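Working notes, structure below.
The values are calculated or read from the model by the stated rules, or taken from the named source; none is laboratory data. Note that the structure is predicted; figures quoted are calculated from it, not measured. We place every Cβ from the backbone using ideal geometry, glycine too, and count neighbours over all the protein chains shown. Just the protein is used for accessible areas: all its heavy atoms, side chains included, with ligands, DNA and RNA removed. Shrake-Rupley method; radii C 1.70, N 1.55, O 1.52, S 1.80 Å.
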Amino acid sequence: MEIIQQLVNGVSLGSIYALIALGYTMVYGIVKLINFAHGDVFMVGAFIGFYCISIFHLGFFPALVIAMVACAIFGVLIERIAYKPLRNATRIAALITAIGVSLFIEYGTIYARGAQPEAYPSNIVPLKSLELFGVKISGQSLLILGTSVFLMILLQFIVHKTKIGKAMRAVSHDMDAARLMGINVNNTISATFAIGSALAGAAGVIFGMYYTKIEPLMGIIPGLKAFVAAVLGGIGIIPGAMTGGLLLGVIEALVSASGYSLWRDGVAFVVLILILIFRPAGLFGKNVREKV
Amino acid sequence: MLKINDINVYYGNIHALKGVSLDINQGEIVTLIGANGAGKSTLLKTISGLLKPKNGEIVFEDEHIAGKVPQLIVKRGLGQVPEGRRVFSNMSVEENLELGAYLRKDKKGIREDFEKVYQLFPRLLERRKQLSGTLSGGEQQMLAMGRALMGQPRLLLLDEPSMGLAPLLVKQIFNIIEEINKTGTTILLVEQNANMALSIADRAYVIETGKIVASGSAEELSASDQIRNAYLGGH
Ligand SMILES: Nc1ncnc2c1ncn2[C@@H]1O[C@H](COP(=O)(O)OP(=O)(O)OP(=O)(O)O)[C@@H](O)[C@H]1O
Ligand SMILES: [Mg+2]
């Protein structure tokens, strides 16, 4: 039963990685940029959620929605100010800019409020835990899972059934052909950043509730792991990011459970190295050579 | 309907179009012929707003469109079937056609145009749920044309629709182009298959290394020795 308990923990953690990984993969899919500032959007979401709850005494769901909306706007601003002017620049220039944006957000936050951590109140959602066949699943795990699954289904709906979702897929496949359909490429890219950032914001609030401690550099490690998850699933592929995130969470939980909890953070990068060696296009990717 | 006046287009410091002028009247089929690298696709991309001319004018139905964004140009009724089809291969036939109607809001009209496109290309109806990347080259060409028609263009630009197709299929595609023209869509047809293009066109332009070197009625150009030697394989 212990192992099932660990699996449940792994899936909860993994669904947080998955939410962050979605933003990496959607943005990469459309502008071929690894947005290294994405983990910091996650951090900003955690803080916005925290302030909503502690200062304005809002509940979990209102805080979640506000953090998502604020992060969506933040993501669009980052894209318009930092990345859009570099749309036709070399990839390395954009990548270096992304690292710069990341550092700017991290240390801007420290400058604005200091480096000290905050603690999410532990009683935001008075949920009882559930006993199922001797496995104790905490109310929080259930809430995390429920929220993540709902958001992922919502995302699938947006991407496959709505006009903006179809435009996003068209632009990520062939920008000029999309233009010939009358699609406004700039707006579509902004929408992609908005959606990806909103998901990261949601992940931030969920993370804060689960681990309680938040601080300005908290986005770095989950951000990197979510990046690994996106690569694991196949960067640019939405179901890949979901699967990659969940898988990584479960792998970590199992590594901890087998008594190697000190290796928990390291194992993500072992996974990254292995996937790059044996299946560089990721689990869901076709191993094709890059088009010239 | 479309009037291009002395445009110059550059790729960095490559001068791809050198003072090109061209006219298209309502209802015509005009063909633009020229060898590889002459600048045909560059001209179509410039008309559609994918490239901006350094100078010169492009006037579509009394509106200056040079340098305007593509979505505005599409909205005005100027569609393009790009070279190499460029279908969205990760989406179904139906979704591709839907994207063709991206700027339209008239649900009823869109439904009617689906019918029309499926009538014109029954193959697309059979394969409407299939991923367009798995269609044959000919079917993809039909899809690219159907997709452009979904935008209700009054002027349709076609970039080498016969490329890579078997002769029988080429004939079929050209018949459909004539049919589209008869329903009131004006056509600018870019082709390397000059014989076929001249056979359905009213007028033609010949482009060589970025310059228009000849123009006239399709009969005139078909009869000209110079054109016959360069583009129609002698005789
Ligand atoms: N993106 C680009 N960057 C630099 N040069 C380009 C680019 N696209 C086209 N060119 C150059 O511009 C010239 C015209 O190219 P264009 O594609 O318009 O020719 P084309 O007439 O359509 O040829 P084809 O029949 O082979 O399609 C060529 O010399 C080509 O090398
Ligand atoms: Mg061409």
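Volume per residue, Å³, of the convex hull around the alpha-carbon atoms of the protein assembly as shown? That works out to 179 Å³ per residue. Ligands, DNA and RNA left out, the 1.4 Å accessible surface of the range A:14-219 is 70% carbon and sulfur atoms. If a spin label sat at a point 7 angstrom from the Cα of A:Phe157 along the line to its beta carbon, the backbone N atoms of the range A:6-37 nearer than 20 Å would be those of A:19-20, A:22-23.
Per residue, the solvent-accessible area of the range A:14-219 (1.4 Å probe, heavy atoms of protein chains only, all protein chains present) comes to 41 Å².
By the helix-only formula, in which each DSSP H run with n ≥ 4 contributes -39500 (n - 2.57) and the sum is divided by residues, the protein assembly as shown has a 222 nm mean residue ellipticity of -18000 deg cm²/dmol.
For the cross-link pairs A:Lys161/B:Lys108; A:Lys161/B:Lys75; B:Lys105/B:Lys129; A:Lys161/B:Lys45; A:Lys163/B:Lys40, the ones whose C-alpha atoms lie over 21 Å apart are A:Lys161/B:Lys75; B:Lys105/B:Lys129; A:Lys161/B:Lys45; A:Lys163/B:Lys40. Spacing of the modelled spin labels on A:Arg113 and A:Asn186, each 7 Å from Cα toward Cβ, amounts to 3.2 nm. Between the residues B:Ala214, B:Asn96, B:Gly138, the greatest Cα displacement towards the positive end of the dipole of chain B, with unit charges on the Cβ of Lys, Arg, Asp and Glu, is found for B:Asn96. Between chain B and chain A, roughly 1900 Å² of accessible surface gets buried, counting both sides and using a 1.4 Å probe. Scalar couplings 3J(HN,Hα) for the range B:185-194, obtained by applying the Karplus form with A = 6.51, B = -1.76, C = 1.60 to θ = phi - 60°, are 9, 6, 10, 10, 10, 8, 8, 9, 7, 5 Hz; x denotes Gly and Pro. Taking the range A:15-38 and a reference point 7 angstrom along Cα→Cβ of A:Thr90, the backbone N atoms nearer than 20 Å belong to A:31-36. Computed with a 1.4 Å probe over protein heavy atoms only, the accessible area of B:Tyr11 comes to about 90 Å².
Counting only heavy atoms of the protein chains, get the accessible area per residue of chain B (1.4 Å probe) and round it to a whole Å² value. Intermediate results must be reported in sequence, preceding the final value.
Numbers: 10490 Å² over 235 residues.
So chain B comes to 45 Å² accessible per residue, rounded to a whole number.
With the convex hull constructed from alpha-carbon coordinates only, the range A:55-151 shows a mean projected area of 9.6 nm² over all directions.
Of the accessible area of chain B, with the probe set at 1.4 angstrom, what percent is carbon plus sulfur? Reported share for carbon and sulfur atoms: 49 percent. Taking all protein chains together and a 1.4 Å probe, the residues B:Glu126, B:Glu83, B:Glu28 rank B:Glu126, B:Glu83, B:Glu28 from largest to smallest accessible area. Rounded to the nearest 20, the size of the Cβ-charge dipole of the protein assembly as shown about its Cα centre is 540 debye, with Lys and Arg at +1 and Asp and Glu at -1. Per the Debye formula on identical point scatterers at the alpha carbon atoms of chain A, with no solvent, log10 I(q)/I(0) at q = 0.11, 0.12 Å⁻¹ is -0.63, -0.75. Of the residues in the range B:85-99, those shielded by at least 40 Å² of accessible area once partner protein chains are present, compared with the chain alone at a 1.4 Å probe, are B:Arg86, B:Phe88, B:Asn90, B:Met91, B:Glu95, B:Leu99. When the chymotrypsin sites (Phe, Trp or Tyr not before Pro) in the range A:116-177 are filtered for DSSP coil states and for at most 15 other beta-carbon atoms within 10 Å of their beta-carbon, the remaining sites are A:Phe133.
Placing a label point 7 Å from the Cα of B:Lys108 along the Cα-to-Cβ direction, no residue of the range A:134-171 has a backbone N closer than 19 Å. Positive end of the dipole of the protein assembly as shown (Cβ unit charges, origin at the Cα centre): among A:Gly204, B:Ile7, B:Gly67, the Cα lying farthest that way belongs to A:Gly204.
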